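Working notes for the structure below.
Values quoted throughout were computed directly from the atomic coordinates according to the rules given, and no laboratory measurement underlies them. These numbers come from a predicted model, not from an experiment. Here the Cβ positions follow ideal geometry from the backbone for every residue, glycine too, while neighbour counts run over all protein chains shown.
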Amino acid sequence: MKKIFLSFILTVFITAFNAQCHYVFDMQDSYGDGWNGASIEVNINGTFAADITCNGGATIDSISTMNGDFVELSFVSGNWDTEITFQIYDPSGTQILSVGPFANNDGNDSFLLSDSSNSSCFPQYVDVTFQVDMSKVTSSFTLPEINGSWNAYCGNCDPMSDPDGDNVWEKTISLFTGSYEYLFSADSFAIQESINSNSSCSNGSFVLPRRFLNVGGQDITLPIVCWEACEACNDFPQPPIGVSCNTGAPSLAFSDECDSQGNWTGDFGTGNGIWQSNSGFTPTGGTGPDGAHSGNNYFYFESSTFGNGGASQFDTATIVSPMIDLTNSFDDAELTFWLHARGDNMGSLSVGLSNSPTGPFNDVYYQFGETHANDDDPWTQIGIDVSNYIGQNLYVSFTYMRNFSGVSYSGDLCIDLIEVNTCSTCPPPNSLSVNNITPNSADISWTPIGTETEWMLYYNGVGVYTNTIPTTITNLSPNTSYSCNVSAICSPSDTSGQSSGVVFTTGCAYSMAPITENFDNGFSPCWSQELSTDDFDWTLNDGGTNSNNTGPDDDVSVGGNYMYTEASAPRQNGDVAVMYSEQIDLSNLTNPQIHFYTHMYGSAIGDLQIDMYDAGNYVNVFNKSGDQGDFWIEETVLINPTTNFVHFKITGILSVDGNGDTWPGDIAIDEFSVMEAIATDLGILEGGTVSACDLSSSEQISMQIVNNGVNSESNFDVSYKINTSAPVVETFIFTISPGDTLTYDFNTPVDLSNDGMYNIEYECLLSSDQNLVDNVLINNVENFLSPLPPVTIDDTICNGDTAYLTTLSPNGLVNWYLDMNGISAINGNSVSPSQTTTYYGEVQAADFFSDDFENYPPGSLIAQSSSSWLTYSGLGGGQDDAMITNSPQNSGNNSLFINEVLEDDIYLPFNQVYNSGSVEVLIDMYVSTQAHLNFEDDVIPGANNIFELRFKSSGMLEFDIGPTTLLGSYPGPGKWFNLRIVGDLNTSTWYIYVDGSFQGGTSFAAGGNVGNVHFNPAIGDEYYMEKVEWYAFSDDDCVSALSPITVTVDECTFINDKWREYLDVFPNPTSDIVVFKANSIIENVLIYDVNGKLALSSFGINKTIHKADLSTLESGVYFAKVATSEGVINEKLIVK
């Protein structure tokens, strides 16, 4: 879309704004970063007039119309239209339109309205003043002229003039309201400018490109434009040429390193849209340098309009220098400064000169656009002739104006080392510096330029004669800012102007301890940041820091401030931030200590170090490194200085995490106090008795005691009591020194052998203890009883056959081993020894759950019927509860029906959140169409998703862990199958099995915690579950003693072959009845599952034929041990 820049210029630069002629556009952006490409297109009388847009958080703009003009308005969509609102007012001030915010971010292009202007402005003749800067014209010329459609491009009939000789030519012409095209030429078209047809001030013609102008009903003065350009001339680069002296010698009249604001005035501060002082990179990537040209800091305009700096304060911002004394200068003077302008949306810089700090300023330099491509490009020095101000006082202004055509934040313009050189017979000294600053004095040093031996030193308006370098100024006020200058006395009648100033702040007077700094009133003026030897500063903050998963979310007291190291870009590994406490007098303290809180949370936490300044040296008193958790930690450190006058240096050192990132490394400190340490303070750190399996009837109780006081302690009582019993009191006869920790073992044991929980209360009984808060500690200890050893049954097999190790133990997991010490584990329960071998089994206690839905009537709702199941709403019997049904059937009668149409949303929570050991879930499933289920990391419904399983109608199984989806298969819709899900929480690895066949497994970051299984059907889901089981095994589960089981191996050369020949088992597989038929008497039949647990038994049969009903067993593989009068025979059974 064609944009006519000049139409906007007309609305902004009208000297007497008349609202009765203008349509006014009041525009807002809720995020504060402008309209991101959106605009309001204005057409007047069928011709494009302007694009109106918002810059920053709010903009008011307007466009002039004549009475009766036909105005058409359209909205041009951008990238973030949901942030946009605007109101439009006609020339009478009536609101004719209010729009926004839009529902979508883009795609909102639309016609808004058409209107006949009720403007009070009528077509008329007005004076239009044109101005062109001819300083960049390389061709020779004598007289510029302006030619346009009003004079039919007549040549020199509208000549221009340059009354002040600055090469800016001007011409005022009376034109009637309307639209015109024109261009600048010289000497009757001897030369004429060429206008780019794509430029903002062009008529857009590729055949005859001309400048374009809309003339309204008021006199206007057009801004100065450069020959062949739509903007002012870009003076960059303009290097210095030096000064030429006939009188005196070149000397420095002014120098400022831009290390601090000092005596500069104007739009100087902090935040966005303002000039400020900075070191290193600017906060935004893609703009600014990597550091100062010289010194520590530089001045720059922060061009961001949103983010941490808040809304923009200025679109055009000016700063003004301190006074530059040229009253004793001769011949020549030159202003120089160093410039760095990197950023693809760089604005413009104007430099002005004046005799007054409030102006008006005469602009002598102008540049716009990006001049540096990289942050490490060398700075460029600019030179400006200021010889017209010799014999006067000079003030210099630097004005930055935003470029609104692109992204606002990439336009940080920087200046550094601003100097004025001149000619002087008595030059002022330079290189002023301040040393040995105390609360009441400071040493001022300087470098003479000439041979003078006397000087006048000025500080805050006070003049002091001196002939000594350095000079100590005294009787200063504590914590006060002073500005200091020096003049050279070359002779009684020849005194130089004042040197460049140096600004310093006297130290604070010593604060008498105890003191506390909580930063709630800001960063104390008596605290300070390191100015030169560190890489960045500590940051004052409230609430959370800028990055997730690092830093606190509030200060210790909640609602106040704290200091922290912001570790985000441009920070790097090893960067250091240093701040200093106030000066502290410890005279009132007998046992001084520092007390403070630290917050060191994040994967890239580095080091926090505190040093005490004592008798001229820093002594380390505190160090802590690495992630300490997401909470404030109370710290107390006893100090032992050699003097009563100290301060503290607090250093944060950044590190990186395993990904090479520094940003998760925000270190915070709060509530820093220097106070009297408690003389007598014993505390209990922890009790020595913990929950365990099979605690005895004579357990020893112990407790860990810490001496937090400054006095050694001994011969005091300690006690413990169990539940509501009387306390056991004993005497601690040892000596515990300050800061030490000792463990005391009670001589009186206690009986903890019963199953259950014990409440143990420990107490330290020191009568003189000044802090009783930490004298009592209560622990809960649980005794877990181990399971009974398994009851095993020996077996006999033929050599080459397989035996199945079995037990009569009804509950728990049975683990099998090759040795009596339980070291060499067997995988499963099947063995094939070649000789008679003894194995060993143990029962491992485990959390488990099983539900086959047989105990509920069909039509009932599972969460309403069983407290083991939950719904998302938490209400059993609600819309999201799932129904028990008796169709389809597998091995049992009932199953749980999950259906998306019925809005089922069911959870099976575990007993707790498991984060170690292993978890196993088994589900018999029948998919009608498709199915979804997922695992979550908490027992509460709606917790974070760990992974999802999707059973597609095609028979594909998807194991979705977020960034990756593994593929497997299942039998498909219409068939029952067994799903087994195994999670190794120690390695965050999960495995999926279908009917015993491995489908996939993987480790992933979120796989270390599990709390529930969520059955939440997606659109089109319908499936059944006949049996659901889960088991949770811990590495420290209680286990029973080992029981032996002997498998005897027989060669079976005669009789055993006969047994096998005459034992028949049928039908096999079966779903209900199985028949055992033998040639000999069948005495007993024992049937075991694959884990070795007894599933069914029949004793005292004494027949050759036996029928067993297996209908109550789940489908799967079982093993039958048939004892006959001739021996024992093992057979494998399959239950359908």
Fill in the blank from the handout: Taking every other residue with Cβ under 13 Å from the Cβ of N214 and scoring Lys and Arg +1, Asp and Glu -1, one gets -1
Practice task
Count the DSSP beta bridges whose two residues both fall in the chain, then state the antiparallel fraction as a percent rounded to the nearest 5.
Solution key: 95
Exercise for the section: Calculate, in nm to one decimal, what A249 and D219 gain on full extension: separation in residues at 0.36 nm each, minus their alpha carbon distance. Expected result: 5.7 nm
Problem - Which of S702, V464, T792, positive extreme of dipole for the chain (C-beta unit charges) - result: T792
Problem - Residue-by-residue Karplus 3J(HN,Hα) for region 516-525, coefficients 6.51, -1.76, 1.60, Hz, glycine and proline x - result: 9, 10, 9, 6, 5, 9, x, 7, 4, x
Practice task
Work through the residues other than I1073 whose Cβ is under 9 Å from its Cβ and net out their charges, Lys, Arg +1 and Asp, Glu -1.
Solution key: -1
Problem - Ordering of 52-64, 200-212 by burial proxy (mean other Cβ atoms within 10 Å per residue, highest first) - result: 52-64, 200-212
Practice task
Would you pull out the residues with amide H under 5 Å of S969's amide H, same chain only if 5 or more places away, H placed 1.01 Å from N?
Solution key: L957
Completion exercise
In debye to the nearest 20, the charge dipole size for the chain, taken about the Cα centre with +1 at each Lys and Arg Cβ and -1 at each Asp and Glu Cβ, equals 1700
Exercise for the section: Order by neighbour count: S251, S149, S865, fewest other Cβ atoms within 10 Å first, most last. Expected result: S149, S865, S251
Practice task
Quickly work out the S725-to-D1064 label distance, labels modelled 7 Å from Cα along the C-beta direction, and quote it in nm with one decimal.
Solution key: 6.8
Fill in the blank from the handout: Expected sort for 790-796, 964-970 on mean C-beta neighbours within 10 Å, highest first, is 790-796, 964-970
Handout entry: Helix-derived mean residue ellipticity, 222 nm - over the chain, DSSP H n ≥ 4, -39500 (n - 2.57), to 500
Key = -500 deg cm²/dmol
Handout entry: Selected from V207, I390, S988, residue furthest toward positive end of dipole (the chain; charges at beta carbon)
Key = V207
Handout entry: Around L979: net Lys/Arg minus Asp/Glu count, Cβ-Cβ under 12 Å
Key = -3
Handout entry: Contour minus Cα-Cα distance for E634 and Q864 (0.36 nm per residue)
Key = 78.0 nm
Exercise for the section: Could you size up the charge dipole of region 5-116 around its Cα centre, putting +1 on the beta carbon of Lys and Arg and -1 on that of Asp and Glu, and report it in debye to the nearest 20? Expected result: 260
Handout entry: Cα centroid of region 835-912 to Cα centroid of region 328-342, whole Å
Key = 85
Exercise for the section: Go through 95-108, 607-620, 257-270 and give me the packing order, highest mean Cβ count within 10 Å leading. Expected result: 257-270, 607-620, 95-108
Exercise for the section: Run the quick spin-label model on S481 and S114: label points 7 Å from Cα toward the beta carbon, then report their separation in nm to one decimal. Expected result: 6.0
Problem - For region 682-784, size of Cβ-based charge dipole, Lys and Arg +1, Asp and Glu -1, in debye - result: 140
Handout entry: Estimated FRET transfer efficiency when R0 is 30 angstrom, pair D494-N388 (beta carbons, to 0.05)
Key = 0.80
Completion exercise
Note: I469 to N771 extended length (0.36 nm per residue) minus current alpha-carbon separation gives 103.0 nm
Exercise for the section: Choose one of W150, P439, G665: the residue whose Cα lies farthest towards the positive end of the charge dipole of the chain (beta-carbon charges +1 Lys, Arg; -1 Asp, Glu; about the Cα centre). Expected result: W150
Completion exercise
Here the FRET efficiency for I940 versus E686, based on Cβ atoms and R0 = 22 Å and rounded to 0.05, is 0.15
Handout entry: Pair T989, Q835: separation of 7 Å Cα→Cβ label points (nm)
Key = 3.5
Handout entry: Separation of alpha-carbon centers, region 386-463 and region 650-701, rounded to whole Å
Key = 52
Handout entry: Calculated FRET value between Y618 and M456, using beta carbons and R₀ = 35 Å, to 0.05
Key = 0.35
